[in-house]
2 protein chains.
Amino acid sequence: MREERKSMLIVISGPSGVGKGTIYNRLLDQDPSLTFSVSVTTRAPRPGEIDGVDYFFISDAEYEELVRKDAFVEHATVHGHSYGTLKTQVEEKMAKGLSVVLDIDPQGAKNVMKACPDCVSIFLLPPSYEKLRQRLYGRNTDDPKEIERRLSNARGEIEQVGMYQYTVVNDDLDLAYEQVAAIITAEKQRTTRYFPVVE
Amino acid sequence: MREERKSMLIVISGPSGVGKGTIYNRLLDQDPSLTFSVSVTTRAPRPGEIDGVDYFFISDAEYEELVRKDAFVEHATVHGHSYGTLKTQVEEKMAKGLSVVLDIDPQGAKNVMKACPDCVSIFLLPPSYEKLRQRLYGRNTDDPKEIERRLSNARGEIEQVGMYQYTVVNDDLDLAYEQVAAIITAEKQRTTRYFPVVE
């Protein structure tokens with residue numbers, strides 16, 4: 001049987017510390033039809049992060065130049081640092097038939113959803129604010145002041161869950177992962193994206 | 001964490017012989033949040049079919065009376081027999097928080113989708129017309145004339161796949177079942193149906 005598929009842009013978002021990165025990495029490990037877009041950022045690399053793999057680490061001047069050239073699907077300044085998703089990254093990968101997954105903060109996600117209304121959007125919720133706080137402190141990558149700022153942002157971000165097509169609570173990681181994977185499996189079968197020809 | 005869910009009406013359709021019933025039965029076996037609506041029909045019971053379980057077997061006069069009373073979500077005459085889904089059946093079950101799955105022919109499905117635009121609609125395709133023919137003959141429940149009528153209907157039904165939200169090819173039954181189950185898992189996480197409250 002002949003069949004054609006349209007590739008997707010998938011947005012995975014949620015407040016800082018909710019576990020976006022873990023679910024995103026597992027998706028990319030498990031599903032060869034998915035790929036990632038390397039974002040640019042002006043923040044400093046965290047220990048272990050590699051330029052061109054985790055992010056393209058760029059200067060403020062380089063970032064401004066890319067904004068000026070309209071090179072981003074979305075770009076935003078969050079927690080004092082700038083981030084952006086390059087149009088070229090996403091377009092090249094989708095043209096190869098791969099679906100691109102973005103692990104992206106809510107501000108960036110909002111811009112992607114505006115720019116690409118047919119993207120698949122998933123918002124991850126923490127089971128409680130207390131657990132979110134524990135995770136942010138447990139991650140041990142930011143100072144307490146930064147963590148409290150992220151927690152305070154989380155309340156406003158969670159109020160905007162209605163902007164997303166899907167909501168998944170990340171309490172049990174395996175269950176949350178299965179739900180996200182099921183959403184992607186389902187979206188591949190959307191009649192607007194999947195065109196089998198019965199002969 | 002507190003959460004609320006809205007129950008769904010799920011339509012599984014496809015041409016006669018595509019395997020709707022098998023997938024439908026497995027869904028009901030596997031997922032306790034799903035239930036069925038017993039349809040009425042004016043056709044004669046097949047061997048083993050039980051009144052009130054497989055269908056409510058009714059007379060033409062009883063059927064006409066229900067149509068007159070506007071008692072159906074959908075009703076249709078297919079292959080010379082009348083079928084209908086009772087509003088009371090669906091409403092009572094959804095009010096209990098259960099999602100109702102309908103295993104329904106394309107004509108009935110069209111009417112349900114019109115009556116309930118927020119239903120979840122899945123169309124099953126055969127891998128080929130030849131395999132559909134083999135299945136209909138293998139099922140051994142209808143005479144060749146009836147089978148050829150169903151095959152001829154299938155072509156027109158398959159052309160209307162665009163009316164459904166999701167398309168699944170039933171070549172490998174396990175794979176098709178997994179895709180249908182993933183669609184239901186995904187739809188449960190829709191932000192319009194799933195309302196978790198982070199505290």
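Values in this text are rule-based calculations from the coordinates and carry no lab data. Computed from a predicted structure; not experimentally measured. Every residue, glycine as well, gets a Cβ built from its backbone with ideal geometry; the counts of neighbours run over all protein chains shown.
Could you please let me know if A:GLY17 is under 25 Å from A:ILE147 (Cβ atoms) and loosely packed, with under 12 Cβ neighbours inside 10 Å? Answer is no for this residue. Residue check: is B:LEU136 surrounded by 20 or more Cβ atoms within 10 Å (Cβ to Cβ) and more than 10 Å from chain A (Cβ to nearest Cβ)? Yes; evaluated as a whole, the condition is true for this residue. Take the conditions (1) in contact (Cβ under 8 Å) with a residue 40 or more places away in the chain; (2) within 18 Å of A:VAL198 (Cβ to Cβ); B:ALA115 misses just one of them, which is (2).
Within region B:160-188, restricting attention to residues that are without any contact (Cβ under 8 Å) to a residue 40 or more places away in the chain and facing another protein chain (nearest Cβ under 10 Å), the residue that is surrounded by the most Cβ atoms within 10 Å (Cβ to Cβ) is B:ALA186.
Scanning region B:183-197 for residues that are assigned to a helix (DSSP H, G or I) and of a type in the set (A, V, I, L, M) yields B:ILE183, B:ILE184, B:ALA186. Applying a threshold of 8 Å to beta carbon distances and a minimum spacing of six or more residues, or different chains, the list of pairs starting in region A:56-72 at a residue that is under 11 Å from A:GLY84 (Cβ atoms) and ending at one that is among the hydroxyl-bearing types (Ser, Thr, Tyr) and surrounded by fewer than 13 Cβ atoms within 10 Å (Cβ to Cβ) reads A:ALA71/A:THR88.
Among the numbered conditions (1) in contact with a helix residue (DSSP H, G or I) (Cβ under 7 Å, 6 or more places away or on another chain); (2) more than 20 Å from A:LEU125 (Cα to Cα); (3) not basic (Lys, Arg), the only one that A:LEU151 does not meet is (2). I need the full set of residues from region B:24-53 which are without any contact (Cβ under 8 Å) to a residue 40 or more places away in the chain and out of contact with any strand residue (DSSP E or B) (no Cβ under 9 Å at 6 or more places or on another chain), in order please. Matches in region B:24-53: B:ASP29, B:PRO32, B:PRO47, B:GLY48, B:ILE50, B:GLY52, B:VAL53.
If you check B:GLY21, B:GLY17, which single one turns out to be assigned to a helix (DSSP H, G or I) and under 17 Å from the mean Cα position of the chain (by Cα)?
The match here is B:GLY21.
How many residues are assigned to a helix (DSSP H, G or I) and among the hydroxyl-bearing types (Ser, Thr, Tyr) when one looks only at region A:155-171?
Of the residues in region A:155-171, 0 are assigned to a helix (DSSP H, G or I) and among the hydroxyl-bearing types (Ser, Thr, Tyr).
Kindly indicate the residue of region B:140-154 that is surrounded by 12 or more Cβ atoms within 10 Å (Cβ to Cβ) and assigned to a helix (DSSP H, G or I) and also nearest to the other protein chains (Cβ to nearest Cβ) among those meeting that condition. Restricting to residues being surrounded by 12 or more Cβ atoms within 10 Å (Cβ to Cβ) and assigned to a helix (DSSP H, G or I), the top hit is B:ALA154. Within 14 Å of chain B (Cβ to nearest Cβ) and in contact (Cβ under 8 Å) with a residue 60 or more places away in the chain: is that true of A:GLY21 in this structure? Answer is no for this residue. When region B:1-14 is limited to residues that are within 11 Å of another protein chain (Cβ to nearest Cβ) and part of a loop (DSSP other than H, G, I, E, B), the one that is farthest from the chain's Cα centre (by Cα) turns out to be B:MET1. Residues in region B:89-111: is at least one among the β-branched types (Val, Ile, Thr), touching a His at 6+ places or on another chain (Cβ under 9 Å), more than 14 Å from every other protein chain (Cβ to nearest Cβ) and more than 18 Å from B:TYR166 (Cα to Cα)? No; the residues of region B:89-111 include none that is among the β-branched types (Val, Ile, Thr), touching a His at 6+ places or on another chain (Cβ under 9 Å), more than 14 Å from every other protein chain (Cβ to nearest Cβ) and more than 18 Å from B:TYR166 (Cα to Cα).
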